[in-house]
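Take a look at the structure set out below.
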Protein chains: 2
Amino acid sequence: MSSHPLEELFHPQSIAVVGASPTPESQGYSYTDALIKAGFRGAIYPVNPKYQEILGLKAYAKVSDIPGPVDYVISSVPAPQVPAMIEDCGGKGVKVIHLYTARFSETGRKEAIELEREVLRLARKHGIRLIGPNCMGLYYPKQGIAFWANAVQTTGPVGLISQSGQMVGEITGTAALRGVYFSKAISYGNAIDLNECDYLEYLSQDPDTEIILMYVEGLRNGRKFFDILRRTTPHKPVIILKGGRGRAGARATASHTASLAGSTQMWKTALAQAGGVSADSVAELIDLAVAFRFLPPLVGKRVAVGGGAGGASVVAADECEEAGLDVAPLSDEFREDLKRRGISIWDWIGNPADMSIREDRAFSIGDLFALLAPRPDYDLLILQMGGGPPGRGRWYVSVDDYLKQYKLDEIRIKPLLAVLADQAVNSDNYDDESMKLVYELRKRLPQLGIPFYPTVGRAAKAASKMVDYYQRRNGVAIHKSLSTAIA
Amino acid sequence: MSSHPLEELFHPQSIAVVGASPTPESQGYSYTDALIKAGFRGAIYPVNPKYQEILGLKAYAKVSDIPGPVDYVISSVPAPQVPAMIEDCGGKGVKVIHLYTARFSETGRKEAIELEREVLRLARKHGIRLIGPNCMGLYYPKQGIAFWANAVQTTGPVGLISQSGQMVGEITGTAALRGVYFSKAISYGNAIDLNECDYLEYLSQDPDTEIILMYVEGLRNGRKFFDILRRTTPHKPVIILKGGRGRAGARATASHTASLAGSTQMWKTALAQAGGVSADSVAELIDLAVAFRFLPPLVGKRVAVGGGAGGASVVAADECEEAGLDVAPLSDEFREDLKRRGISIWDWIGNPADMSIREDRAFSIGDLFALLAPRPDYDLLILQMGGGPPGRGRWYVSVDDYLKQYKLDEIRIKPLLAVLADQAVNSDNYDDESMKLVYELRKRLPQLGIPFYPTVGRAAKAASKMVDYYQRRNGVAIHKSLSTAIA
């Protein structure tokens, strides 16, 4: 079992929401509402001197008025009220305060910076840990903790550490549409007490978390962070999106979370040396999470691509190569095999496999990949499904019927990435039956354990970075065993 | 009026579909069906000796059996039957044959290459022009010509020239979801007779086409092509996606359209010198079409971004800078103006404008941009709408209600790009009312003449390339008037 200090802080028996409110537009309402809807099983105490009851729960004037113990406090009161609130919590045995409360150092204003220092001093005096300030806090679906009403309740093996709260909602919500669910996510804002080092170290040890995603604007303790990262990446992939890469971005990180963005080049070098996987956008962060979630460790970059028509095949080849994959030609041996089987396009079909050239409509990309998959020629397969059923609506009546042609059971003995164009799901034919089939298909693939991407380029980029990660990781492992052997 | 030879070829009074069939899975059925559904007003003649009638139309055994004149022939018979078919058309006064028929030089097979030469020789003998072979042919919605059943029927100012037929369907279909419609599109395949030069020259002169998109795998006549391109780009933007950029892609272009892909670096240099706009992916080709379709000529790169929360603002800044835009800080003068107006965050708000920091909820990004738009400080605005209504479902009941906060009428005096995250439209809550609102919003914005993008990065990249185009174009114009002045 993990004995990291955050383990206790993240498992409260009771949560008080200071600044709770019955006004739906207020954040104090949102926090209370979200805890109820997420199914938190401990006690929820709304705190607000103006009300007797909030959202059906008895309200208290202050934390010290609550009869039972209070482990965890969410603060949505204005910044000037925070010092008194901390003093009040001090006598109550509160372990941690999450300060949604903002307008501290991120404003760049002198008095706000001083107030932030005072807040930290008071928390330390009372032995209370701080999450934030200026952050959305904890999302922990297994414990019924969330900070927005429609948070996904399914749990999964991915952990997320983000300086931005909005990113937690966006990343967990978008990833869920591709079958990726989360163990825990934390939005940590200005990080004046608990910071990126604590959160990374915790998830590194957390048995529920197999893959770690991070959105970082600046580091409070760079040396320590890269140290923890270096110790984490040999056993868990850590995928990081760095915010504040340019001049304007650096200005924005200062006014967002009072972070110093640092030099991008230094960041990239340090990240690579520590074995971290770098994402260039929110979309890529999710693409990488999808790959690590569903694919076995990828060991090589030789890719076979197929299923699209001619233009899509040409573009697929370009995108795979530009992502660093090796689109190796079909082997002579494999062509001979096709010829023996009477496949008329044995000499013409290539990699990518343009299936629009086939003469025998019964010979599908599933058939081709089923012959290719057991061979040692390729390390992974990218299957172009196009838009899915709608384009061919007249030929398919169900997702099962549609999927048969791909012989998924036979071809997935090789690591397999599917490509499902966004185009179809964005159809403006909203009430079309085929749209519903696409939606079903997008749920079915992750259920089958198959990751899907909107373009070949995005699939290829994710796969290529994943190979880099495992090659480095295996290299490190080899290096270690060598050192042991030598020692 | 255009007197380009293609003008006549693209306005047939009658079309014969050779190889037409009543079997829905066949391409001969598809062509006949597509012409009927697209509402072609001339005569449609199915040609197939096996049938008396196809899709309710009288069928003929061969083209020469058709009683009236035949201007345009679509061939979907197998390659070996093409020579006899051309001879048959020769006596009938057919002006152009579009050869959907494939399996010529793209197979790499000797006899197929020889057959292709023979086809060209016979067509020249009879004075018949050829589109293709190995292509989907013409999409011309105003004339009711299409090659797939659910082709968009709305017309617009964008022309498309594509070596791939599938790309025509994908590009026109996807662009329509963002309010961009087409004048004409041509899929031209192996281009043994009419080639990229003819099509580009035609669209260059075509009064219905204001913006030209191209998907090119290889050039039949490079020198002439760049010559036409150079003469076109000073009055019409030409946006080109090059297929076959790498080694595998070059192999794929050979087996797709028998094209020689050529050196990527030479291509890029020549394209830039001729004033063409280069797209790196299908998505970017469409992004650029959306920008050129809806935005006025962009003259500078100073961008103001706003509407997202903190993390999104940081990422927006990075993506804009990486796209080459200048995310200039707010001016002191503008801050003073905000202060005078009693905006409490006057000293803290930045560019990008993180609207999550505002204390006065009534002060919206619409209010901020409405103050900024009349000033000379910025050249364009990027408005982050997030996911649109769903995320805030409880606060909005209609698209009109939702849009009010953005004060579009006031802020669009500056070139304006909206960002609507795909996340929302990909919600798996298919039956949610809010999903329908997002769909409505995605239709409404183009109706209002406002382009939208799924991410800030994509909006910024399109805007930046558009500025480059106009700066070059204006530079050329200045250079020309200087030359005139000197002469």
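The values are calculated or read from the model by the stated rules, or taken from the named source; none is laboratory data. Just so it is clear, the model here is predicted, and its values are computed rather than measured. Because the Cβ atoms are built from the backbone with ideal geometry, glycine has one as well, and the counts that use them run over all protein chains shown.
Within the stretch A:372-392, restricting attention to residues that are surrounded by 18 or more Cβ atoms within 10 Å (Cβ to Cβ) and assigned to a helix (DSSP H, G or I), which residue is modelled with the highest pLDDT?
The qualifying residue modelled with the highest pLDDT is A:L372.
May I ask you to verify whether B:K465 is under 29 Å from the mean Cα position of the chain (by Cα), at pLDDT 90 or above, under 29 Å from B:S281 (Cα atoms) and not in a helix (DSSP H, G or I)? Even if it seems obvious, please write down each step before you answer.
Values: under 29 Å from the mean Cα position of the chain (by Cα): yes; at pLDDT 90 or above: yes; under 29 Å from B:S281 (Cα atoms): yes; not in a helix (DSSP H, G or I): no.
Considered against the rule, which asks whether it is under 29 Å from the mean Cα position of the chain (by Cα), at pLDDT 90 or above, under 29 Å from B:S281 (Cα atoms) and not in a helix (DSSP H, G or I), B:K465 comes out as no.
For the structure I just gave you, tell me whether B:G218 is surrounded by 19 or more Cβ atoms within 10 Å (Cβ to Cβ), out of contact with any Asp or Glu (no Cβ under 6 Å at 6 or more places or on another chain) and within 14 Å of chain A (Cβ to nearest Cβ).
Answer is yes for this residue.
If you take the residues in the stretch B:261-287 that are part of a helix (DSSP H, G or I) and β-branched (V, I, T), which one is farthest from B:M466 (Cα to Cα)?
B:T264
With respect to A:R223, is the statement that it is closer than 30 Å to B:G218 by Cα and among the basic types (K, R) true? Let's see the steps before the verdict.
On the way: closer than 30 Å to B:G218 by Cα: no; among the basic types (K, R): yes.
For A:R223, the condition - closer than 30 Å to B:G218 by Cα and among the basic types (K, R) - is not met.
Has the stretch A:336-350 got any residue that is surrounded by 17 or more Cβ atoms within 10 Å (Cβ to Cβ) and among the hydroxyl-bearing types (S, T, Y)?
no
Which of the residues spanning the stretch A:103-117 are within 24 Å of A:S30 (Cβ to Cβ) and either among the β-branched types (V, I, T) or assigned to a loop (DSSP other than H, G, I, E, B) (or both)?
Scanning the stretch A:103-117 gives A:R103, A:F104, A:T107.
Conditions: (1) in a helix (DSSP H, G or I); (2) at pLDDT below 95; (3) among the polar types (S, T, N, Q). B:S204 meets all but one. Number of the miss?
(2)
Could you tell me how many of the residues in the stretch B:121-142 are more than 14 Å from chain A (Cβ to nearest Cβ), within 22 Å of B:A252 (Cβ to Cβ) and not in a strand (DSSP E or B)?
Qualifying residue count for the region: 0.
Can you list the helices (runs of 4 or more DSSP H) found entirely within the stretch B:4-102 that contain at least 2 residues being in contact with a Phe, Trp or Tyr (Cβ under 8 Å, 6 or more places away or on another chain) and within 14 Å of chain A (Cβ to nearest Cβ)? Before the answer, list the steps.
Details: elements: B:5-9, B:27-38, B:82-90.
Helices (runs of 4 or more DSSP H) meeting the threshold: B:27-38.
Please verify whether B:R358 is farther than 30 Å from B:E217 by Cβ, touching a residue at least 24 places away in the same chain (Cβ under 8 Å) and of a type in the set (K, R), treating the condition exactly as stated.
Here the answer is no, as B:R358 does not meet what is asked.
Find the residue count for the stretch A:236-253, including only residues that are in contact (Cβ under 8 Å) with a residue 12 or more places away in the chain, surrounded by 24 or more Cβ atoms within 10 Å (Cβ to Cβ) and within 7 Å of another protein chain (Cβ to nearest Cβ).
Looking only at that region, the number is 5.
When the stretch A:326-335 is examined, which residues are found to be surrounded by fewer than 16 Cβ atoms within 10 Å (Cβ to Cβ) and within 17 Å of B:T107 (Cα to Cα)?
Listed by number, the residues that qualify are A:P329, A:D332.
Give the number of residues within the stretch B:295-350 that are within 30 Å of B:K465 (Cβ to Cβ) and aromatic (F, W, Y).
Applying the first criterion (within 30 Å of B:K465 (Cβ to Cβ)) to the stretch B:295-350 yields B:295-331, B:334, B:349-350.
Now restrict to residues that are aromatic (F, W, Y): B:334.
So the answer is 1.
Any idea how many residues of the stretch A:272-281 are at pLDDT below 95 and more than 13 Å from chain B (Cβ to nearest Cβ)?
2
Identify all residues within the stretch A:23-41 that are in contact with a Leu (Cβ under 9 Å, 6 or more places away or on another chain) and either assigned by TED's automatic domain parsing to the domain that holds A:D198 or crowded, with 17+ Cβ neighbours inside 10 Å (or both); write none if there are none.
Of everything in the stretch A:23-41, those that are in contact with a Leu (Cβ under 9 Å, 6 or more places away or on another chain) and either assigned by TED's automatic domain parsing to the domain that holds A:D198 or crowded, with 17+ Cβ neighbours inside 10 Å (or both) turn out to be A:Y29, A:T32, A:D33.
For the stretch A:103-120, how many residues are more than 14 Å from chain B (Cβ to nearest Cβ) and in contact (Cβ under 8 Å) with a residue 12 or more places away in the chain?
The total comes to 5.
Please work out which residue is surrounded by the most Cβ atoms within 10 Å (Cβ to Cβ), limiting yourself to the stretch B:143-195 and to residues that are assigned to a loop (DSSP other than H, G, I, E, B) and of a type in the set (G, A, S).
Among those residues, the one meeting the criterion is B:S164.
Quick one: is A:T174 modelled with pLDDT under 95, closer than 22 Å to A:L130 by Cα and within 13 Å of chain B (Cβ to nearest Cβ)?
no
So which of B:A43, B:A84, B:A79, B:A59 ends up being in contact with a Pro (Cβ under 7 Å, 6 or more places away or on another chain) and either farther than 23 Å from B:P141 by Cβ or among the aliphatic types (A, V, I, L, M) (or both)?
Among B:A43, B:A84, B:A79, B:A59, only B:A59 is in contact with a Pro (Cβ under 7 Å, 6 or more places away or on another chain) and either farther than 23 Å from B:P141 by Cβ or among the aliphatic types (A, V, I, L, M) (or both).
Matching residues to (1) within 23 Å of A:P296 (Cα to Cα); (2) at the interface with another protein chain (Cβ under 10 Å from one of its Cβ atoms):
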| position | (1), (2) |
| --- | --- |
| A:A149 | no, yes |
| A:G159 | yes, no |
| A:R178 | yes, yes |
| A:F182 | yes, no |
| A:A185 | no, no |
| A:S204 | yes, no |
| A:I212 | yes, no |
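Of everything in the stretch B:314-364, what is within 10 Å of chain A (Cβ to nearest Cβ), in a helix (DSSP H, G or I) and hydrophobic (A, V, I, L, M, F, W, C)? Give them in sequence order.
B:V314, B:V315, B:A316, B:A317, B:C320, B:I357
Has the stretch B:172-192 got any residue that is without any contact (Cβ under 8 Å) to a residue 24 or more places away in the chain and farther than 20 Å from B:L271 by Cα?
Among the residues of the stretch B:172-192, at least one is without any contact (Cβ under 8 Å) to a residue 24 or more places away in the chain and farther than 20 Å from B:L271 by Cα, which makes the answer yes.
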